[in-house]
Amino acid sequence: MIEEKQLILDIKTFHKRARILQTAWKESLSKDAGDEFQGAETILIIIGDLLEEYPYQKSTAIQTWLLGYEWKDTLILLTQDKIHFVAKEKMAEVLEQLNQGDKQVSVEIHKYTKDQSQHKELFESIITYITEGGKKRLGILPKDLKEGNFVQEWLEVYENFKDSIEEIDVSTGIASVLAIKDEEELKTIRVACKLSSLIMQHFIGVVTSIVDEEKKVTHEKLSEDIDNILTNEQNSFLKKGVQDVDLSRADFCYTPIIQSGGIYDFKSSAESDNRVLHDGTILCSFGVRYKSYCSNIGRTILFDPTKEQERNYEILLELQRRIVEHIKSGVKLRDVYMKAVNFVKNKKPDLVSHFVKSIGHGMGIEFRESAYSINSKNTREFKPGMVFNLLVGFQNLENPKAADEEGKIYSLWIIDTIRVSNDTAVLVTGGNRKLEYIAFSFQDGPESGPEAKKENKRPAQKVEPKRTATRKSTVLKSKFRSEDKDEDSEQKRKEHQAELAKQKQAEGLARFGDGVDHQTSHREAVFRKFESYKRDTALPKEVKELKIVVDQRNETVILPVFGLAVPFHISTLKNVNKTEEGEYTYLRINFLTPGQATGKKEDMPFDDPNANFVRAVTYRSTDENLSEIYRKMLELKKTAAKKEAERKEMSDLVEQDKLIELRGRRPTNRLSEVFVRPGLDGKRIPGELEIHENGLRYQSHRTNQKLDILFSNIQHLFFQPCDNELIVLLHMHLKNPVIHGKKKTKDIQFYREASDVQFDETGNRKRKYRYGDEDELGAEQEERRRRALLNKEFKAFAEKIAEASEGRVDVDVPFREIAFQGVPFRTNVLLQPTTDCLVHLTDPPFLVITIADVEIAHLERVQFGLKNFDLVFIFKDYSRAPVHINTIPMNQLENVKDWLDHVDLVFYEGPQNLNWAQIMRTIHKDPADFYRDGGWSFLNMHGEGDDSDVSSESASEYVLSESEYSESSSDDSSVQDEVSEPSESSEESDDSGESWDELEERARKADERKEGGSTKRRETSDDPRGKNKKIRR
C-alpha cells in the first residue's frame, strides 16, 4: 500500500464523480419505490482491514473510484448535500486536498485520532448526520466483509442506535453508477486489455512449443509461469507492446486458469490442477488488472482438431460476432442472451444443452458486477461506456474420434472484454481469436509415422504475416489438381457439401419459418406525398386563361379540367404522347395508376390502390403552342427523373460521426506520399494518411481537400503487397457508403507506385534514373529492396490501423497463390481470395465479395468441351442482385471448388446459365414456400449429368427456356455450335430421330446400292471408322 504522505489526489476527478453519484442517487429518490437505491436517505461505506483473499468488494471499489486509491480504516457517509470522511490523522491530511479549488460537492473531514476516548464521540456525531431530520433509511453494502479494530469500534457505537435505523441494501445502485465508465477509466481498461492480449499471444507460442517438443508440464506450473510474467525479466515483449506503462501497478485479477485433458470448469474461481498438459483441447483464461481496473481474455487452443471440432469453433466465433453486433445502447441484457441461444439452436440444436447459462457480466474495478450478468432473466439495459466480460462457450462436448481417453470430452470458449457504445459494441481485447491462429495440426502431410510428424508440423510460434500461417479457412494445401490429391478427396468434398446443403436448408426454414425474414431487414417502398402548392393563391397567373401550364419551379403540370385549373405533380405522370391529325394536334397525358405493367415502376406504392384513378387525359387543339408545351413537359419529366435517381442513389447514405482529432500534437502514425482512389477533385496529387482517435484522415496539403474514414465504418481492411504488381495498396471496404469526390462509394484505396521508372512512351520524357547495361543487375536488386521496404511500410501502417481501432478492424491479405482469372465486369482480371472475401483491388472498378454475406455459389456452363465456366454468388439478402464472374478458365474449376468448400460455402453446378433475375423474384415473393419445397436443391437437377431433364416441371419456374438461353462469353461461340444441347434428355433424343450409328449404316447401304460392288462393301465393313465414329462432345 502506498504511504499516505505520498498521495496526491485528483481533485477534479473526485468532484466530477461524486457529483455523478449524488445526481444518480437523487434521481432515484424521485422515482417509484423499488428503485436501485431503494429510497435510501443516507449511504454508509466503511472499510476496515484490506483483505487480500477478498480483493473485490463494493466498499473498496467506490473508494478507488472516488479517490483513485484504497486504504484501510476509513468511513464514508454520503448525505444529499455533503460527503463525510472519517480517517486517521495522516490520511485526513491527504483528504484535506478535496477542499481546495473549485468544489462541486461539499466535503467534511473528521480525524480519527489515537486518543480512544474521542472515538465514541466521533462515531456518535456521524450517527447524528444519519438520523437528523427524522431520517431512518440508511443505505449499506451488507455483502462486504468488514474486519479490524476500526470496524469493531464503529459497530459498538452503532449498536445502540440500530433499532431506530432501517438498513437498505444499495449495492445495485452503487453498481449502476460504477458500471458506466468515463474516458479516463476506459483508457486504463484499454491498457489492461492490451497487456492481457500480449500475454495471451505469448502464452499460445509457449504452449505450441511445449507440445511440439513433447515436454511434460503441468497446468499448475504453466499457471505459475503466467502469474510471474509481469514481474520477471522476460517481459520485454510487454514493454515493447505497451509503452509508457507502469508495470508495477499491474497484476492479475485471478490466478491464471489452464485446463486440458477432458476436465473443464468455466467458473472464474476454477483452479489449475497438477495434471500434465494434454495436446488436444487446451483452455486458458486470465485477466490483467491495471490501476485497479480489470480485463479478461480466454482462448481455446486446438491440436489436430477434427472437422466437427473446427465447425463447432467456427459456430462459436460467429456467435461472438453476432452478439457483439447486437449489443448496443438500450438493448436489454436478457434479449442478447436469448438471441445467442436462438442462434445456436438454428445453427446446431445439439449444442444448446452444452451452451453456457450466462454469457458474461459487467466488469471494472470489480471483476464481476453481478447486477449486470448477461443471462435469460436480467432486464437491465446496456448503456454507452459500460464494459463487459463476454464469455461464449460449449462445455463437455463429445469427440468420438479422439485418439485417447482424455480427448473424448472437450470444451470450447472464447472470452473477451468489450465496451458498449451507441453503435455496435467494441472488442477491447484482440488477436488470436480466429481458427487459423489457435488450431495446429501435426498430421497434415501426405506421409505418416513419427518422422513425417516432425517434418509436417505447423510452426509452434504464431507467425506474424498472415500469408505464411497455415490457414484453415482459405489457403489450400495444393495449387493443382494433380498435386498431393487424395483418392477420396472428391468424395469427402461431396459429403461436406451435402452436409453444408442440409445445414443451409435448416437455416432457411428457421429464417423464413413463419414467412418473415428474421435476419435481413428490408426497406419497403413508401408512398410519397407531393404538395405542389399550399394555397390557391400560389398558382401561376396563367391558369386564369384555362390553358395548360408547365410550372418548372414547382415541378407541376396544371391542366384545365371542366373549367378548373387542376395541378398534377410531374411524378404522377407516366408519359406524354403527341400526335397530329390534319389541322389538329392531340396531346395525351398518361398517369401512373395501380395494376399497370410499368417495368421498374410496377411496385410503386399507392396510398389507396382501391380508389378511383384517372388513367389518361387527352387534349385537342389547333394552337401550335401545344408542341411547345409538349417539349416543356418532356424536359420537366427528364429533370424530375434525374432528381429522383439522385435521391435514390443517396438514400442509403448514413450520417457519419465526426472524426476526433488528436489534440495538441500532430499524429505520429502517418503514411505520406500516397494517392487515393477514387481521386479527389482536380489534379492527381499525393497526400498524407493519418491515424486519429476514432478514424483516419487523408489530406492533400496542396489543395486542402480532406477525406475522413471512421473505424466504425470500415468493414474490411486489405493490404496488398507490390509483389508482381505495379502498386502497393491499402484498401478499405466500408459498411455504409460515403460521398467522395461528389460520388457515392463503398471502396476507398490508398496506394503508392512501386516502380521508379517514369517515362513518356513518345520519348519526350526520359527515365528518372539512367542505367547502363552493366548496372542492370544492381538496378534489379535496388528494385527488389525498394519493393520490400514499401511492403514493410504499408503493412506496418495497416497493423497500426488495426491496433488503433481497438479490435474493430482486422488486416486481411489476398492469397495470390490460389487466385484465378475471371470477368466480374468488362475486363479479365485476377481474383484473389482472402480470409473473409474474394477481391480484385488492383484496378477500378473494385470487387469485394464478403463470404459471410453469400448464401450459395453456382457454377455455370460446366460442360465437357468448353474452355471457360462462370461463377454466380447469391447473397443472403435476396433483394441484392447476384454477382456474376464470367469466363473463368476451365483448368481452374477444381481449385475454385476446393476454395468454396474450404470456406464452407455451398455450391452447385450446371451446364447452362440461369435467369437469376427471374429466379430471385420468385424466391423473394415467398421465401418460406421456396424452402418448404426443398430450397436450393433444385439446382442439383442441373448437375446430374446428360440424362437429367433440366426443363422438368418441378424446376421449370427457375430455369431459362431454350429461346432465352445465351452464352456469356463470345470466346466459346465456335465451340458451342459443336456441342449437343444439354437441356435435351437422352429419351427425347431417341424419340426425335435416329442415332449416329443408324445414320452411318443407312449411308453405307446407299453407297452400296449406288456402286453395286461387293469389294466396296468389304472395304466399308473393314473400315475401323465405321461404327466407332461418334459426334464430338
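Can you pull the percent of Cα pairs in the range 176-229 with separation above 19 Å?
Values: 672 of 1431 pairs.
Tail fraction, whole percent: 47.
Kindly report, to the nearest 10 Å², the accessible surface of residue 933 as traced by a 1.4 Å probe over protein heavy atoms only.
For residue 933, solvent-accessible area is about 110 Å².
Can you tell me which of 205-213, 808-816 comes out highest on packing, and rank the rest after it, using the mean Cβ neighbours within 10 Å?
Result, highest mean first: 808-816, 205-213.
Please report the accessible area of residue 576 (heavy atoms, 1.4 Å probe, ligands and nucleic acids excluded) in Å², nearest 10.
Counting only protein heavy atoms, residue 576 exposes about 20 Å² to solvent.
Is there a quick way to get the dipole size of the range 183-440? I mean about its Cα centre, with the Cβ of Lys and Arg at +1 and of Asp and Glu at -1; what is the value in debye to the nearest 20?
So the dipole magnitude of the range 183-440 works out to roughly 1120 debye.
Give me the Debye-computed log₁₀ of I(q)/I(0) at q = 0.08, 0.11, 0.14, 0.16 Å⁻¹ for the range 183-440, equal point scatterers on Cα only, no solvent, two decimals.
Treating every Cα as an identical point scatterer, log10 I(q)/I(0) equals -0.30, -0.57, -0.94, -1.22.
Report the charge-dipole magnitude of the range 820-939 in Debye, nearest 20, computed about the Cα centre from +1 at each Lys and Arg Cβ and -1 at each Asp and Glu Cβ.
380 debye
Considering only Cα-Cα distances, which of the following residue pairs are longer than 22 Å: 401/876; 82/111; 291/658; 328/800; 239/291; 648/683?
401/876; 291/658; 328/800; 648/683
Calculate, in whole percent, how much of the Cα-Cα pair population of the range 820-939 lies beyond 17 Å.
The calculated P(r) of the range 820-939 puts 57 percent of pairs beyond 17 Å.
Just to verify a number: what accessible area does residue 36 come out at with the full protein assembly present, 1.4 Å probe, Å² rounded to tens?
Result for residue 36: roughly 70 Å² accessible.
Taking each pair of different alpha-carbon atoms in the range 674-734 once, compute 1/r for the pair, average those values, and report the inverse of that mean as the Kirkwood hydrodynamic radius in Å to one decimal.
After inverting the mean inverse Cα-Cα distance, the result is 12.7 Å.
Starting from the amide H of residue 868, placed 1.01 Å from N in the peptide plane, find each other amide H under 5 Å away whose residue is 5 or more places distant or on another chain.
Hits under the 5 Å cutoff: 890.
Along the charge dipole of the range 705-757, pointing to its positive end and built from +1/-1 on Cβ of Lys, Arg, Asp and Glu, which listed residue (724, 749, 713) has its Cα farthest out?
713
Residue separation times 0.36 nm, minus the C-alpha to C-alpha distance between residue 96 and residue 422: what's the value?
Value of the extension gain: 113.5 nm.
Quick one: go through the range 711-731 and flag any residue whose amide nitrogen is under 12 Å from the point 7 Å out along the Cα-to-Cβ line of residue 785.
none
Structure shown: which of 744/792; 16/58; 897/925 lie over 23 Å apart, alpha-carbon to alpha-carbon?
Distance filter (> 23 Å) returns 744/792; 897/925.
Order 93, 185, 782 by their accessible area, 1.4 angstrom probe, all chains in place, largest first.
93, 782, 185
If amide hydrogens are placed 1.01 Å from N in the peptide plane, which non-local residues have theirs closer than 5 Å to the one on residue 372?
HN-HN under 5 Å from residue 372: 362.
Is the C-alpha gyration tensor of the range 241-304 telling us rounded, prolate or oblate? Criteria: a/c under 1.5 is rounded; beyond that, a/b larger than b/c is prolate, otherwise oblate.
Numbers: a/c = 2.88, a/b = 2.01, b/c = 1.43.
Here the range 241-304 falls in the prolate category.
Computed over the Cα atoms, what is the radius of gyration of the range 1-111 divided by 2.2 N^0.38 Å, N being its residue count? Spell out each step's value before the answer.
Working: Rg = 14.4 Å, N = 111, 2.2 N^0.38 = 13.2 Å.
Output field value: 1.09.
Semi-axes, largest first, in whole Å: what does sqrt of 5 times each Cα gyration tensor eigenvalue give for the range 616-729?
Output for the range 616-729: semi-axes of 49, 18, 15 Å.
Taking each pair of different alpha-carbon atoms in the range 11-179 once, compute 1/r for the pair, average those values, and report the inverse of that mean as the Kirkwood hydrodynamic radius in Å to one decimal.
One decimal place: 16.3 Å for the Kirkwood radius.
Counting other Cβ atoms within 10 Å, which trypsin sites (Lys or Arg not before Pro) in the range 264-329 have at most 10 and lie in a DSSP loop?
Numbers: sites: 267, 275, 289, 291, 299, 307, 311, 321, 322, 328; in loops: 267, 275, 291, 328.
Those that pass, being in a loop and sparsely packed, are 267.
The values are calculated or read from the model by the stated rules, or taken from the named source; none is laboratory data. Bear in mind the structure is a predicted one, so any value in this text is a computation, not a measurement. Note: ideal-geometry Cβ built from the backbone for every residue, glycine included; neighbour counts use all protein chains shown. Accessible surface is based on the protein model in full, side chains and every heavy atom, while ligands, DNA and RNA are left aside. Shrake-Rupley method; radii C 1.70, N 1.55, O 1.52, S 1.80 Å.
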